[in-house]
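Undergrad: Dropping the structure in here first, questions after.
The values are calculated or read from the model by the stated rules, or taken from the named source; none is laboratory data. From a predicted model like this one, the values you see are computed outputs, not experimental measurements. Cβ coordinates were reconstructed from backbone atoms using ideal geometry, including for glycine residues, and neighbour counts include every protein chain displayed. Please note that ligands, DNA and RNA were not included when accessible areas were found on the heavy atoms of the full protein model with its side chains. Shrake-Rupley method; radii C 1.70, N 1.55, O 1.52, S 1.80 Å.
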Amino acid sequence: MTGLRQVLVPSLPLARFRDLISDERYETLDAAATRARSRLDGHTLWNVNSTASGGGVAEMLAVLVGYTRGAGLDVRWLVTHGDDEFFAITKRIHNRIHGARGDDGDLGPAEAAHYARISAENAALLREQLRPGDVALLHDPQTAGLCGAMREHDVHVVWRCHIGADIVNEWTEQAWSFVIPHVLEAEAFVFSLAHYVPDALRSGHVHIIPPSIDPFSPKNRALDPADVGRIVRRVGLYAGDVEGPAARFVRGDGSDGVVERRASIVGEGPLDPRLPLVVQVSRWDHLKDMQGVMMGFANGVVGRVDANLALVGPSVAGVTDDPEGAIVLDECVDAWHRLPPDAQARIRLVSLPMDDIEENALMVNAVQRTSTIAVQKSLAEGFGLTVAEAMWKAKPVVASPVGGIVDQIAPGTGVLLDDPCDLDGFGDTVAGLLEQPSEIERFAGNAVIHVVDHFVGDRHLLRYASLLDELLGVNRAEDRSE
């Protein structure tokens, strides 16, 4: 077992928000930062998860850690390790918490023993880093097994679960039965939506903290239209001179970067940039239903509207904690090869390189900005923040009414599908919207306003400040009085 990995995140200034939000919102944020520094009182807040890249949690942590460090708090990020069997077990838990069976594997005594062994090894490594009185914010099922050991080490423990289901079935019950005994020692729990909280944890200290986007991150920052064009050509989505000037950018640490890598693309040649582009950006995961998006588009849009589709995900080699990614991508490739030629000509499967996370984020940014419509046809979703990211870029979204997507798409900002499994209905909805340019423009303007009001990072940071108030307010006061 290798050691823990610390992810180094540059500090981000809270002052970035000053011109985006109201003066009142900014003053509230600044006061909360001052209060949080006092609460920590010389201790460290550690975020612990299982991957540094390739998913929404890692992206969220890069932002959360950056801004809290910029606010003067000692906040750090550690990534645990596991073997293939451990990540197969945690992916199984992930799927079943979402209400889906996933693979055919068990969550029985053998799996529990293996999970406990890897957790114990990670806990031993964490004890070398964390001091009594520190705060550990443990993310998702991969870290649930660390709660008890960290409490024994006199660390304040918060377990943060980013996933959940709109339903309760045998798979959710099985997954929670596996996880809950491990997290009962936590002092507080954080979920994205209230109905994601399992009954066994409702009597505890539960905080509901929806995630947010960072409008200033590489994935969301404003891009010059010329750079958007350069990036999508460099990626290989559109035709162009890839030997010409590359898009340059300033990294979070102040150094210069350049978007220069190519994506791995399934499809014959680049797409026509004159046609509308429909895009879904997500991991290669059965619950994101990339294959369903492809089939719905092929059957319902191709031949009715002249438009293209790009299914965009990370290179599967770059997502270490998701063993199903390669399987899902292979299934999508096989399905693409079975499409009729006219559909193949309109659809591309795009795997973006993960060698450089900031470069990858700029690629996603440019692809979303060059799109006409964004879709997120998930079968289940923890929150689905790619929806807000697309809306921030003034894109109407067609998405499933699952998880946090329902909270993100307000009336007049996009379209919620009636049934995410109805591929004909999905195709008809996308085609119908493509046929109404004025409606696309109306949705786009409303979408930006809605995101600024509800899903910009200051809201997220304030809720975590409230959590620290509850967790540390009394304890720190007692410590100073002794």
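Undergrad: Limited to the range 306-326, what total is found for residues that are over 20 Å from the mean Cα position of the chain (by Cα) and either surrounded by fewer than 18 Cβ atoms within 10 Å (Cβ to Cβ) or more than 22 Å from Leu417 (Cα to Cα) (or both)?
TA: First, the residues of the range 306-326 that are over 20 Å from the mean Cα position of the chain (by Cα): 306-309.
Subsequent filtering for residues that are either surrounded by fewer than 18 Cβ atoms within 10 Å (Cβ to Cβ) or more than 22 Å from Leu417 (Cα to Cα) (or both) retains 306.
Summing the residues that are over 20 Å from the mean Cα position of the chain (by Cα) and either surrounded by fewer than 18 Cβ atoms within 10 Å (Cβ to Cβ) or more than 22 Å from Leu417 (Cα to Cα) (or both) in the range 306-326 gives 1.
Undergrad: What residue, of Ser22, Ser11, is small (Gly, Ala, Ser), more than 30 Å from Thr90 (Cβ to Cβ), in contact with a Lys or Arg (Cβ under 7 Å, 6 or more places away or on another chain) and modelled with pLDDT under 95? Walk me through it before giving the result.
TA: Values: Ser22 fails: in contact with a Lys or Arg (Cβ under 7 Å, 6 or more places away or on another chain).
The match here is Ser11.
Undergrad: So which residues in the range 351-383 are surrounded by fewer than 21 Cβ atoms within 10 Å (Cβ to Cβ), touching a strand residue (DSSP E or B) at 6+ places or on another chain (Cβ under 6 Å) and either of a type in the set (A, V, I, L, M, F, W, C) or free of Cβ contacts under 8 Å to residues at least 24 places away in the same chain (or both), if there are any at all?
TA: If the condition is that a residue be surrounded by fewer than 21 Cβ atoms within 10 Å (Cβ to Cβ), touching a strand residue (DSSP E or B) at 6+ places or on another chain (Cβ under 6 Å) and either of a type in the set (A, V, I, L, M, F, W, C) or free of Cβ contacts under 8 Å to residues at least 24 places away in the same chain (or both), then Met354 is the only one that fits.
Undergrad: Kindly provide the set of residues from the range 195-217 that are closer than 19 Å to His450 by Cβ and among the acidic types (Asp, Glu), ordered by number.
TA: Within the range 195-217, Asp214 is the sole residue that qualifies.
Undergrad: Can Gly427 be described as in a helix (DSSP H, G or I) and without any contact (Cβ under 8 Å) to a residue 24 or more places away in the chain?
TA: No; evaluated as a whole, the condition is false for this residue.
Undergrad: Of the residues Ala399, Ala394, Ala390, which single one is open to solvent by 10 Å² or more (accessible area, probe 1.4 Å) and small (Gly, Ala, Ser)?
TA: Exactly one of Ala399, Ala394, Ala390 is open to solvent by 10 Å² or more (accessible area, probe 1.4 Å) and small (Gly, Ala, Ser), namely Ala394.
Undergrad: State whether one or more residues within the range 158-167 are without any contact (Cβ under 8 Å) to a residue 12 or more places away in the chain and either assigned to a strand (DSSP E or B) or open to solvent by 40 Å² or more (accessible area, probe 1.4 Å) (or both).
TA: Checked against the condition, which is being without any contact (Cβ under 8 Å) to a residue 12 or more places away in the chain and either assigned to a strand (DSSP E or B) or open to solvent by 40 Å² or more (accessible area, probe 1.4 Å) (or both), the range 158-167 yields no hits at all.
Undergrad: Would you point out which residue out of Arg127, Arg131 is open to solvent by 30 Å² or more (accessible area, probe 1.4 Å), in contact with a Ser or Thr (Cβ under 9 Å, 6 or more places away or on another chain) and farther than 19 Å from Pro181 by Cα?
TA: None of the others qualify; the one that does is Arg131.
Undergrad: Taking the criterion of being closer than 20 Å to His450 by Cβ, in a helix (DSSP H, G or I), of a type in the set (Phe, Trp, Tyr) and at pLDDT 95 or above, would at least one residue in the range 388-406 satisfy it?
TA: Going residue by residue through the range 388-406, those that are closer than 20 Å to His450 by Cβ are 388-406.
Filter once more, keeping what is in a helix (DSSP H, G or I): 388-392, 405-406.
If we keep only those that are of a type in the set (Phe, Trp, Tyr) as well, we get 392.
Subset that is at pLDDT 95 or above: 392.
The answer is yes, given that some residue of the range 388-406 is closer than 20 Å to His450 by Cβ, in a helix (DSSP H, G or I), of a type in the set (Phe, Trp, Tyr) and at pLDDT 95 or above.
Undergrad: Name the single residue, out of those in the range 407-424 being part of a helix (DSSP H, G or I) and at pLDDT 95 or above, that is most open to solvent (accessible area, probe 1.4 Å).
TA: Selected residue: Asp424.
Undergrad: A further question on this structure: Does Leu8 meet the test of being of a type in the set (A, V, I, L, M) and touching a helix residue (DSSP H, G or I) at 6+ places or on another chain (Cβ under 9 Å)?
TA: No: the conditions fail for Leu8.
Undergrad: I've got another one for you. Answer yes or no: is there a residue in the range 71-85 that is in contact (Cβ under 8 Å) with a residue 40 or more places away in the chain, assigned to a helix (DSSP H, G or I) and open to solvent by less than 40 Å² (accessible area, probe 1.4 Å).
TA: no
Undergrad: Since Val79 meets every condition but one in (1) of a type in the set (A, V, I, L, M); (2) out of contact with any strand residue (DSSP E or B) (no Cβ under 9 Å at 6 or more places or on another chain); (3) within 16 Å of His162 (Cβ to Cβ), which condition does it not meet?
TA: (2)
Undergrad: Tell me which residues, restricted to the range 144-154, are crowded, with 24+ Cβ neighbours inside 10 Å and in contact with a Lys or Arg (Cβ under 9 Å, 6 or more places away or on another chain).
TA: Met150
Undergrad: Identify, please: which residue in the range 425-454 is over 16 Å from Val301 (Cα atoms) and touching a Phe, Trp or Tyr at 6+ places or on another chain (Cβ under 7 Å) and is, among those, surrounded by the fewest Cβ atoms within 10 Å (Cβ to Cβ)?
TA: Val448
Undergrad: Please work out which residue is surrounded by the fewest Cβ atoms within 10 Å (Cβ to Cβ), limiting yourself to the range 455-471 and to residues that are of a type in the set (A, V, I, L, M, F, W, C) and part of a helix (DSSP H, G or I).
TA: If we take residues in the range 455-471 being of a type in the set (A, V, I, L, M, F, W, C) and part of a helix (DSSP H, G or I), then Leu462 is surrounded by the fewest Cβ atoms within 10 Å (Cβ to Cβ).
Undergrad: Could you count how many residues in the range 359-384 are of a type in the set (Gly, Ala, Ser) and more than 17 Å from Ala399 (Cβ to Cβ)?
TA: 2
Undergrad: Exactly one of (1) touching a Ser or Thr at 6+ places or on another chain (Cβ under 6 Å); (2) crowded, with 23+ Cβ neighbours inside 10 Å is unmet by Met290. Its number?
TA: (1)
Undergrad: Just need a number here: residues in the range 94-138 that are under 18 Å from Trp159 (Cα atoms), in a loop (DSSP other than H, G, I, E, B) and without any contact (Cβ under 8 Å) to a residue 60 or more places away in the chain.
TA: Within the range 94-138, residues that are under 18 Å from Trp159 (Cα atoms), in a loop (DSSP other than H, G, I, E, B) and without any contact (Cβ under 8 Å) to a residue 60 or more places away in the chain number 1.
Undergrad: Checking the structure you have, find out if any residue of the range 146-160 is in contact with a Gly (Cβ under 6 Å, 6 or more places away or on another chain) and under 26 Å from Val206 (Cα atoms).
TA: No, the range 146-160 contains no residue that is in contact with a Gly (Cβ under 6 Å, 6 or more places away or on another chain) and under 26 Å from Val206 (Cα atoms).
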